[in-house]
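Shown next, in structure tokens, is the structure this report addresses.
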Amino acid sequence: MGEILTFALGLVSAYLATQWKARRDLEADYDRDLRSTRITAYRELWKLLEPLAKYAAPGPVTPELAATLAVELRHWYFATGGLFLSTPSRDAYFGLQDALAAAIGPHP
């Protein structure tokens, strides 16, 4: 009877260990894929942000530029990268959109 119990416990332990490893491997694959997708999406975002460069900016941030950038960023958010933003990045994105809206001024 003890041998059967030992065998059963070993079988259950092996099953649980296999399930745990499979789950861990799936999570690692998901994280790797998410990072890769984020890098691709953020690369596009980075290009859009050039007008806001701190050093050697291509020109002043005018209300017209702010309006154009806000639209380009909105398009990026809904077409490319919004789903992949982390919570801190999403908060920064919305903060940037708020700052652009302030730079644009009130709607006519």
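Need the full-extension length gain, residue 15 to residue 96, defined as separation in residues times 0.36 nm minus the C-alpha distance. One decimal, nm.
This chain segment gains 24.2 nm when fully extended.
Please work out the C-alpha center-to-center distance from segment 59-108 to segment 1-56 and express it in whole Å.
Rounded to whole Å, the Cα centres lie 31 Å apart.
Tell me the net charge near residue 82. Cut-off is 10 Å between Cβ atoms, residue 82 excluded, with +1 for each Lys or Arg and -1 for each Asp or Glu. Provide the component values of the computation, followed by the final result.
Numbers: positive: 74, 90; negative: none.
For residues surrounding residue 82, the net value is +2.
Choose one answer from 67, 57, 14: the residue with the largest mean-square fluctuation in a GNM of the chain with alpha-carbon springs under 10 Å.
Residue with maximal mean-square fluctuation among 67, 57, 14: 14.
For the chain, modelled as a GNM with alpha-carbon contacts under 10 angstrom, which of 80, 62, 37 fluctuates the most?
62
Angle between the Cα long axis of helix 2-48 and the longest principal axis of the chain, 0 to 90 degrees, nearest 10?
Result, in degrees: 10.
Restricting attention to the chain, which chymotrypsin sites (Phe, Trp or Tyr not before Pro) occupy a DSSP loop and are surrounded by at most 14 other Cβ atoms within 10 Å?
Passing sites in the chain are 55.
Enumerate by residue number the trypsin sites (Lys or Arg not before Pro) in segment 1-77 meeting two conditions: DSSP loop (anything except H, G, I, E, B), and at most 16 other Cβ atoms within 10 Å of the site's Cβ.
Those satisfying the criteria are 54.
Within segment 50-81, what residues put their amide N at less than 15 Å from the label point 7 Å along the Cα-to-Cβ vector of residue 103?
50-74
At 1.4 Å probe size, what's the solvent-accessible area of residue 61? Round to the nearest 10 Å².
Residue 61 has an accessible surface of roughly 80 Å² with all protein chains in place.
When all C-alpha to C-alpha distances in the chain are sorted into bins of 10 Å, what percent of pairs does each bin hold, rounded to whole numbers?
Spelled out bin by bin, the chain gives 12, 29, 20, 11, 10, 8, 6, 3, 0 percent.
What ranking of 48, 83 comes out by heavy-atom accessible area, probe 1.4 Å, highest first?
Result of the area sort, largest leading: 83, 48.
Would you kindly state how much longer the chain becomes between residue 78 and residue 43 on full extension, computed as 0.36 nm times their sequence separation minus their alpha carbon distance, in nm to one decimal? If you can, show how the numbers build up before the last one.
Numbers: separation 35, 0.36 × 35 = 12.60 nm, distance 1.54 nm.
Roughly 11.1 nm would be gained on extension.
The values are calculated or read from the model by the stated rules, or taken from the named source; none is laboratory data. Since we're looking at a predicted model, the values are computed, not measured. Heads up, the Cβs are rebuilt from the backbone with ideal geometry, glycines too, and the neighbour counts pull from every protein chain shown. These area figures cover heavy atoms from the full protein model, side chains too; ligands, DNA and RNA do not enter into them. Shrake-Rupley method; radii C 1.70, N 1.55, O 1.52, S 1.80 Å.
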